[in-house]
Every structure is written in C-alpha cells, then in structure tokens.
Amino acid sequence: MPKHQIETLQKLAQKPFAIFAVLLIVGITAYGLHIYWMGFYWDDWPWIWFANVMGPQGMLQIDVEHRPISGVVLFIGSLLAGENPVLWQVYNLGWRILGSCALAWTLAQIWPTNNAHQTNSRGLINKNNSLKSTFYSSPVIWVSLLFLVYPGFEQQFVAVNNSRHIFPLMTFFLSLGLMVKAVQTRKGFWIYTASALWLSLVTMFTTEYYYGLEFIRPVILWLLIRRDEKRFWPGVMAAFKDWLPYVIPLAAVFGWRFAISQSVNYQITIFNEVSATPGSGFLLRLWGMLSDLLASGFGAWGTIFKLPDPTLFGPRTQLYYWGIVSAASLGILLYLIFAHRADENPTWRQEALILGAAALIVAPLPFWVTGLDPKLSFPADRLLLPMILGSSLLVAALIDLIFRRDTVKVLILALMIGLVVGQHNQNAIAYRRDWKYQIAFFQQLTTRIPDLMPNTAILSNELPNNRSTDNSLTAPLNWTYRPDFAGGELPLNMLYIDLRFGDDEPVLEGSKYFTSTYRFYPFHGTPEQSVVIYHRPPACLRVMDNDRDHYYPMLPDFVKDTLSYSDSTRILTEPNPNVRLPAMLAQPQPENWCYYFELADLARQREDWPRVVELGDIAFTLDDSPNHASERIPFIEGYAHIGRWGRAEELTFEALMINQFMGPMLCETWERIEAETETSTERDALLKKINTQLNCSLY
C-alpha cells in the first residue's frame, strides 16, 4: 500500500469520531445480525403484557417503589417500540453502544494522549498545555472495545427487561467524565459537578446495579492528583475533598434504599446470614465473594475459547461462526494498527490496574448485601453488568503489561474480540432457537386447548426454553386466552411443578402459588383447578390425565405425582374466536405431525372418533412421524371405535416395537377400548391376542 494511503488511514483512524464508528460496527456485528429473528424472553414478557393491558403508561408502575426511573426507560421504549420485539432489540442495542461510547469519552478525559504533562498537583490541566482529550490512545480503544463485547453477560437479547439496566451505563459514565472535567479544568466546576451529580442520581434511581461503582470516584480523583502529588496522604485528602459533593447524595440514596429494603424486592440479608453463623457464615460469604470476582473478572474471558458444539451447530453454522470470527478479528486488527501511536504514555496501565481492581471489587456490593451471587449462567449473569468495567480495565492493562511488542498486543486483542463476537453470535442463534420453541409451544398449546376456564393453573415440567420461566410464560398465556383482559383477577397461571413444588414428592396442597399476585393482579385457584401438561421436544405437547397417562413411559415422578390434580374438564373444547396468539407469536403454523396429533387428541377428548380417524389418515401419510411411541394412542382408540381393528392392532404393536416400555400404557388403552366398544368376534379375538402378547394381566 502506498505510503500516502497508509498516512491517510492513520489520520482517519485517529480522528475522534473513529472510535465511535468502530464501536457502532462492532456492536452491530456482535449483537445486531440476528435481531430480526428475536423475540421476548424472561421478564420481557410480563413488562410487555402490562403495557398491553394498561397502555405504555403501565410501564411507569414497574418497580416504581425502589427504581423510580426504570419505568421511564421502559415507558420510552414502549412508545418507540410498542409490542415489536425487533424494535425493542434495536432500542436495547442502542443503549449498549451509547454506553460504550460514553465510556470511551470518559476514558479520554482520564487518559488523554501525553497526559503525564497535562495536569498539575491538583489534577488541573496546565494553562501552558493546550492538548485536548483524544480518542485514539490505547486505554480508550482497548477498554471500550472489551467493555462492549464482554463475554460474561449473555442477556443482551432480553431487550425489554435489560434496557433499564443497560441505559444507566451511559448516564453513569457520562457522570464520571463530567466529574473528571470539573476537577481538571476548574472552569465551570459547579456546572460540571451539578451535571455529574444529576446523572449520578438518574443512574441510582434507575437501578441499584451501579451503587457499588460510585466508590470508584475517589479512586479516579486520587489517580489524577497523584500524577504530580506523589505523597500518599495529601493526595488522598485532596481526592476526598473533591469527592465530597458526591458523598451526601450517595449517602441519602443508600439510606432511602435501606429504609425501604424490607418492603421491596431484593431485601438486605447479609447481616442475617452472617449473624446466623458468625464463623462459617462469614467465611462462606467471603469465599463466595472471591469466586464471584475471579469468575467475572477473568473466568468470563475463558469462555471465548468454547467453540461451537457440532451436536448443536451444523456445518453451515460453524462456517458462519468462523467467518464472523475472522472478519471481526481482521477488522479490529487493521483498526488497532492504524490507530496506534508510538508516543503513548505507558503509565496508564498502572493506573488502569488500580482502577480496574477497585471497580471489580466494589461493583458487586449491591448484590452481596442482598444475598445475590453474580454467575456466568442465566439468569444470574445479568448481575455481571457493573463488573464489566473492572474486568475490561484489568484485561487491557494486563495485555499491555505482559506482552512487550506492540504487534503481539494488537494481535491478541484483535483475536480476543473476534472470538467474543463469534461467541455472541452463537448466543444469538441460541436465543433464536428459544424464540422458535416458544412459538411452537404456544401453537401446540392453543391447538390442543382451544380455551380454558378462569382460575385455571397450568402445571408443567420445566420447559426446555432456558430463558423463560413459568413466571415469564404466565404473561403470554393470559395474553393468548384472555386478549381483552383489562385488569382485576389474573385468569390463568402457569407453574413449573419441579421449580415451585419440588421434584421429590411435590406438595401442592396449601401452596402459596395458587393464591399469589402477579405483580398487579391476584390469582385465586386451587390445586384441583389445574391442568397438567408435559413437553419434552421433539415429542409433542401432552395434556396429562391420571386415568390415561399414569403408565406414560419414563414420565418423571414429580409429574406423575401431580396427575391426580389434572382436571381436563377445565379445557373448553369448542373453538373460541376470542382466543388468539399475540401478534409476535402469531406465525404460520406448520401442519406437521404435532399439529395433527394435538387436533386428534382434542377430538379424542370430545370422543369425536370419526374426526380422530380422519386426522390419523392424514397424519400417517406426512413426511413426518410420531416423536414418541405414545403419540399413536389417540389414533389406536379412534380406529378401534369405528371398527378398523386391523389398523388399531398395527399401531399397537408398532408402538411396542419402538418403545418396549409401552406395554402397561397400551394395556390400559385396550382396557378402555374394551369398556367403551361393543363386543364382536374380531374385537374379542384382538383383545385376547393383545392381552396375551403384552402380558396385560400383570398390570
């Protein structure tokens, strides 16, 4: 490449706007390539349903007691995105990128190029030095990029709920940057300080996630002052003096949050935990804290070497992954090469190590005092958000400290970012599959259950969609079956049996979950007003019945123990035109095996045997097949009831051949058939044959 072109690219890469453009591109590459196929997950569901019931202003009521501004963030998102999951993804991604840009701007205030000669002993910029903050120094570029793609936080796509936790990153970093400008220039000190204080309050009233990070302010101030004031205690005292304007509102917010802690979510529990077992309790908590710091600070970066699992990702997806990794790594490498300057001050890494360690240690304080532990797994990884800053600072500084050659540094950084971008795309594919599952689940549910009586609880095994719980899915359940719900008692509730009642002899009687409140709406039901369902894909969704499914092969004991509570009469079997899937779930339903099975099982419940047979004649000619041997049973009954004994016999032994544990369930099925059909020579001969070959006398 000609020298003049290289110089042009260097000048372009070192422009102030370049880092913002790179952050935008990297953010879109990491998080934006799959958002068209994303949906709602976890706490997205209740929030978006409340907005549907109460209007966008309903968002303002969410967590208003202890997060008074979080509802405002959701309200603005509701006005802009409505009930469109794609627009919510854009909204949330916008805050993530803006937060990273705000961090880059703040870092440029702390580490401007040649900063060693810019400040005097009070941290003020020397009048004889007119250098401005620049956006192309190593700490600015490295830390902001690492911050943007931090691999430990994998909930970027839980867009509605996390928008209120990601938005404050921007306000917090802007607050830090304004604080630095206030003490560095002193001109307009109180304007900058007042603006920084206001943004700090906005952050703290939006979420308590960043309370701990407020304690890095004196560390930053001390780092600025110590550049010329080498004496420790004078520097500390000067930093504390500059921090004083922030201490009073911080103490006031802490006092307010402590005062209301017993009446809102996330009560302060650390004192009770430690006092209950003073010795071991303290040591266990200390060990847990250390584990949290190591996992979030460094362990998270180890996950980037987890390559796509061939059992989960096919050749095309793996090729896509490596293409993304290669493109991102190469792009970042070129940018880092052109943006690099030979005259950078190396002292930044020592300051970054100090600031990074401090940030990592204080960040999880709000969670530790409330008994929460940040983890590298869903859903606890949301608690890693405040720890990203410390981790990014430490990793960037250690790369600069350990490796001497600049070429090696940028190669390692580029490869790391490329691998993280690839990991986030893997994660995005997993979220897409999760959304696809949710759509299929509700399609099968509404096909099998046209309507439900009010005050019904759906009891289910824990479904395989990892990013939504029973609490989450209660919202779309009511949205589907009661689309015109406008308030009052919650019509329906969804409860995971193993999660709510235990997986070892679950106890339903007297459980609080049948008389609970879903944020604003009380639910009043009883265990006897329940319908039990079971879903283990690829098998079809099943409505379970104690008289029919007690011998279901390999049925988990906790589901079997609740079958006696399943009342299928609570299912209203006639179509209700008012029951409809919400727009985001209303995708074309494939007419596959499970579609016909659900229709046939519903017709079986209505004892519409000709309809069962009609559906069976279609289903068994599809380029699809039963996913569980027991899915033949409604058709066995249907064919038997209309006298097609040969077909009923064929399906019976086919089911037994596929699953040798089907014998008891098949025997129970033929016992019902015998009781419900008229005697005939062909029927009686077949019954005798089945009873003999299946050893039905044993059951």
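Listed values, structure above:
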{"read-out": "Number of positions in segment 60-94 that are within 30 Å of Gly255 (Cα to Cα), of a type in the set (Phe, Trp, Tyr) and crowded, with 22+ Cβ neighbours inside 10 Å", "value": "0"}
{"read-out": "Which numbered condition Ala430 misses (of (1) open to solvent by less than 20 Å² (accessible area, probe 1.4 Å); (2) aliphatic (A, V, I, L, M); (3) closer than 30 Å to Pro537 by Cα)", "value": "(1)"}
{"read-out": "Every pair of residues 6+ apart whose Cβ atoms lie under 6 Å, when the first sits in segment 239-266 and is in contact (Cβ under 8 Å) with a residue 60 or more places away in the chain while the second is of a type in the set (D, E, K, R)", "value": "Tyr246/Arg217; Val264/Glu65"}
{"read-out": "Filter result (of a type outside the set (A, V, I, L, M, F, W, C) and under 28 Å from the mean Cα position of the chain (by Cα)) within segment 205-220", "value": "Thr206, Thr207, Glu208, Tyr209, Tyr210, Tyr211, Gly212, Glu214"}
{"read-out": "Pair list, Cβ under 8 Å, 6 or more apart: segment 570-582 residue under 23 Å from Ile48 (Cβ atoms), other residue open to solvent by 30 Å² or more (accessible area, probe 1.4 Å) and in a loop (DSSP other than H, G, I, E, B)", "value": "Asn578/Asp484; Arg580/Ala586; Pro582/Glu83"}
{"read-out": "Every residue from segment 343-393 that is closer than 28 Å to Arg405 by Cα and among the β-branched types (Val, Ile, Thr)", "value": "Thr347, Ile354, Ile388"}
{"read-out": "Conditions (1) touching a strand residue (DSSP E or B) at 6+ places or on another chain (Cβ under 6 Å); (2) open to solvent by less than 40 Å² (accessible area, probe 1.4 Å); number of the one not met by Pro506", "value": "(1)"}
{"read-out": "Single residue of segment 470-503 satisfying the filter (in a helix (DSSP H, G or I) and open to solvent by 40 Å² or more (accessible area, probe 1.4 Å)) that is nearest to Pro577 (Cα to Cα)", "value": "Asn471"}
{"read-out": "Leading residue by the ranking (surrounded by the fewest Cβ atoms within 10 Å (Cβ to Cβ)) among those in segment 183-197 that are touching a residue at least 60 places away in the same chain (Cβ under 8 Å) and at negative phi", "value": "Thr185"}
{"read-out": "Enumeration of residues in segment 1-19 that are farther than 17 Å from Ser100 by Cβ and at pLDDT 80 or above", "value": "Leu12, Lys15"}
{"read-out": "Selection from segment 654-675 of residues that are open to solvent by 50 Å² or more (accessible area, probe 1.4 Å) and closer than 25 Å to Phe620 by Cα", "value": "Glu654, Met657, Ile658, Gln660, Phe661, Glu671, Glu674"}
{"read-out": "Matching residues in segment 571-590 - criterion: being farther than 16 Å from Glu83 by Cα and open to solvent by 50 Å² or more (accessible area, probe 1.4 Å)", "value": "Leu572, Glu574, Pro575, Pro577, Asn578, Pro588, Gln589, Pro590"}
{"read-out": "Subset tally (residues that are open to solvent by less than 30 Å² (accessible area, probe 1.4 Å) and either at pLDDT 95 or above or part of a helix (DSSP H, G or I) (or both)) for segment 250-269", "value": "3"}
{"read-out": "Neighbours by Cβ (under 8 Å, 6+ apart or cross-chain): first from segment 1-22, among the small types (Gly, Ala, Ser); second modelled with pLDDT of 75 or more and not in a loop (DSSP other than H, G, I, E, B)", "value": "Ala13/Tyr335; Ala13/Phe338; Ala13/Ala339; Ala18/Leu12; Ala18/Tyr335; Ala18/Ala339"}
{"read-out": "Every residue from segment 511-570 that is over 26 Å from the mean Cα position of the chain (by Cα), buried (at least 18 other Cβ atoms within 10 Å of the Cβ) and of a type in the set (A, V, I, L, M)", "value": "Val531, Val532, Val543, Met544, Leu555, Val559, Leu563"}
{"read-out": "Residues of segment 459-468 classified as open to solvent by less than 40 Å² (accessible area, probe 1.4 Å) and in a loop (DSSP other than H, G, I, E, B), total", "value": "5"}
{"read-out": "Positions within segment 357-379 being in a helix (DSSP H, G or I), out of contact with any Gly (no Cβ under 6 Å at 6 or more places or on another chain) and closer than 22 Å to Val395 by Cα, in sequence order", "value": "Ala357, Ala358, Ile361"}
{"read-out": "Number of the condition not met by Pro454 [criteria: (1) open to solvent by 10 Å² or more (accessible area, probe 1.4 Å); (2) assigned to a helix (DSSP H, G or I)]", "value": "(2)"}
{"read-out": "Residue in segment 522-540 that is of a type in the set (D, E, K, R), within 28 Å of Val64 (Cβ to Cβ) and either out of contact with any helix residue (DSSP H, G or I) (no Cβ under 6 Å at 6 or more places or on another chain) or in contact (Cβ under 8 Å) with a residue 12 or more places away in the chain (or both) present", "value": "no"}
{"read-out": "Residue selected from segment 335-352 under the condition open to solvent by 50 Å² or more (accessible area, probe 1.4 Å) and within 17 Å of Ser144 (Cβ to Cβ), by the criterion modelled with the lowest pLDDT", "value": "Arg341"}
{"read-out": "Test: Val202 is at pLDDT below 95 and in contact with a helix residue (DSSP H, G or I) (Cβ under 6 Å, 6 or more places away or on another chain)", "value": "no"}
{"read-out": "Of all residues in segment 198-247 being of a type in the set (A, V, I, L, M) and farther than 19 Å from Val362 by Cβ, the one that is most open to solvent (accessible area, probe 1.4 Å)", "value": "Met237"}
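Quick grid of which residues meet (1) surrounded by fewer than 23 Cβ atoms within 10 Å (Cβ to Cβ); (2) touching a His at 6+ places or on another chain (Cβ under 9 Å):
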{"residue": "Ala30", "(1), (2)": "no, yes"}
{"residue": "Gly39", "(1), (2)": "no, no"}
{"residue": "Met54", "(1), (2)": "yes, no"}
{"residue": "Gly58", "(1), (2)": "yes, no"}
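The values are calculated or read from the model by the stated rules, or taken from the named source; none is laboratory data. Quick caveat, the model's predicted, so the values are computed rather than measured. Positions of Cβ are generated from backbone atoms using ideal geometry, with glycine treated the same way; all protein chains shown enter the neighbour counts. Just the protein is used for accessible areas: all its heavy atoms, side chains included, with ligands, DNA and RNA removed. Shrake-Rupley method; radii C 1.70, N 1.55, O 1.52, S 1.80 Å.
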